[in-house]
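Visitor: Dumping the structure here so I can ask a few things about it.
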Amino acid sequence: MTAAVRGEIEAGREGGAAALLERSRQYCQELTRREAKNFYYGLKLLKEPKRSAMYALYAYMRLVDDIADDESNGRTVGQRAADLDQWAALTHEAIAAGSEAEAAPRGHIVWPAFGAMVRRYRVPVALFDEMIAGQRQDLEPVRMATFDDLHAYCYRVASVVGVASLYVWGFDGGEATVKLSVERGIAFQLTNVLRDLREDAAKGGAAGRCYLPADEMARFGVSEQQIARGEATGGFLELMRFQIERARGYYESSAPLHEKVAPDARATLGAMTAIYRGILEKIAEEPGRVLRERVSLGKMKKLMIGWRAMRGG
């Protein structure tokens, strides 16, 4: 626990449970504003208390991701795996806590807001176990033999976040709507995979990370070494076009999701989807660009997307 986080907890305790919860929510909002380059523009469109609940969900997700990626001070895979195990245990304790104040001693200011979010909206605990399982996969050099492997990974790191969001937003349609949310999460994560190819190749030491299915890379004659070297061969461009069409398919198949979520959450879902779909289409314009830079939308573009979503456009 850092000195800053310890100070937040102690200051909150002095003001009682309500003050502690408020400090926890402020922490989650600030972390989301700072780190959620794409989600924040959509989440701002939510009204309270759903907005603060989504900040807590994102903050939790981000902290889990940071644990898996924390190689500072020479932290080994074993140490990070142990940290994730501890985080999983603390997750269950925070959810089971009888109050936000009781959750605070778990060692991080995120727990009061997180626990309140899960209890208020009855988010299934198993979703958080899946999130952590997805991060465990990133501890070792990542390889996906087939798309089935990639699909399972996308479910753990993205779809479960979407399903958890459904419980906060409110939704109709039962399991059919949950399935649509899973597909939208797959679309988002496939977009991330394509956008981050160059960045992922440099992670995890010399072996790097490669999320593209190995059998599909072989089909198009693309090697991990070519990706790491930034070689946009003809085969690579064909492989990218194949992956882009697959991602588009998941956006299209999950299109009915918009009408299934609560009306006051539709602008948020619409904005988030437009931003991620916009990134995918920007990649489609020049697929080889992902080997040179991280493709993103500008701030003004995101603001326009948020404005249109708020107006129902």
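The values are calculated or read from the model by the stated rules, or taken from the named source; none is laboratory data. Given the structure is predicted, the values throughout are model-derived calculations rather than measurements. Please note: Cβ atoms are built from the backbone with ideal geometry, for glycine as well, and neighbour counts cover all protein chains shown. For accessibility, only protein heavy atoms count, side chains too; no ligands or nucleic acids. Shrake-Rupley method; radii C 1.70, N 1.55, O 1.52, S 1.80 Å.
Visitor: Among Arg51, Arg62, which is within 20 Å of Asp138 (Cα to Cα) and not hydrophobic (A, V, I, L, M, F, W, C)?
Guide: Details: Arg51 fails: within 20 Å of Asp138 (Cα to Cα).
Exactly one residue qualifies, and that residue is Arg62.
Visitor: Next question, about the same structure. Within region 159-175, track down each residue that is part of a helix (DSSP H, G or I), open to solvent by 30 Å² or more (accessible area, probe 1.4 Å) and touching a residue at least 40 places away in the same chain (Cβ under 8 Å). I'd like the intermediate steps shown before the answer.
Guide: Filtering region 159-175 down to residues part of a helix (DSSP H, G or I) leaves 159-169, 174-175.
Subset that is open to solvent by 30 Å² or more (accessible area, probe 1.4 Å): 167, 174-175.
Hit for region 159-175 is Tyr167, nothing else.
Visitor: Still on this structure: Out of region 170-192, which residues are out of contact with any Leu (no Cβ under 7 Å at 6 or more places or on another chain) and within 20 Å of Asp148 (Cβ to Cβ)?
Guide: Lys179, Val182, Glu183, Gly185, Ile186, Ala187, Phe188, Gln189, Leu190, Asn192
Visitor: Which number in (1) under 30 Å from Ile227 (Cβ atoms); (2) without any contact (Cβ under 8 Å) to a residue 40 or more places away in the chain; (3) loosely packed, with under 14 Cβ neighbours inside 10 Å marks the one condition that Met300 misses?
Guide: (1) is the only condition that Met300 fails.
Visitor: Also, I was wondering about something else. Are any of the residues in region 137-158 among the aromatic types (Phe, Trp, Tyr), over 25 Å from Leu21 (Cα atoms) and crowded, with 17+ Cβ neighbours inside 10 Å?
Guide: Yes, there is a match, as at least one residue in region 137-158 is among the aromatic types (Phe, Trp, Tyr), over 25 Å from Leu21 (Cα atoms) and crowded, with 17+ Cβ neighbours inside 10 Å.
Visitor: Additional query: So which residues in region 171-198 are closer than 15 Å to Leu269 by Cβ and acidic (Asp, Glu)?
Guide: Asp172, Glu183
Visitor: Select from region 43-96 the residues that are outside any helix (DSSP H, G or I) and open to solvent by less than 30 Å² (accessible area, probe 1.4 Å) and list them in ascending order. So that I can check it myself, show each step before the final result.
Guide: Kept after step one, since they are outside any helix (DSSP H, G or I), are these residues of region 43-96: 44-49, 70-71, 75-76.
Selection gives Leu46 alone.
Visitor: Could you please let me know if Ala284 is open to solvent by 10 Å² or more (accessible area, probe 1.4 Å), at pLDDT below 95 and assigned to a helix (DSSP H, G or I)? First the steps, then the outcome.
Guide: Values: open to solvent by 10 Å² or more (accessible area, probe 1.4 Å): yes; at pLDDT below 95: no; assigned to a helix (DSSP H, G or I): yes.
Here the answer is no, as Ala284 does not meet what is asked.
Visitor: Follow-up. Among the candidates Gly74, Gly78, Gly162, Gly170, single out the residue that is more than 28 Å from Tyr211 (Cβ to Cβ) and among the small types (Gly, Ala, Ser).
Guide: On the way: Gly74 fails: more than 28 Å from Tyr211 (Cβ to Cβ); Gly78 fails: more than 28 Å from Tyr211 (Cβ to Cβ); Gly162 fails: more than 28 Å from Tyr211 (Cβ to Cβ).
The unique qualifying residue is Gly170.
Visitor: Follow-up. Mind listing whichever residues of region 264-277 are at pLDDT below 95 and small (Gly, Ala, Ser)?
Guide: Ala267, Gly270, Ala271, Ala274, listed by residue number.
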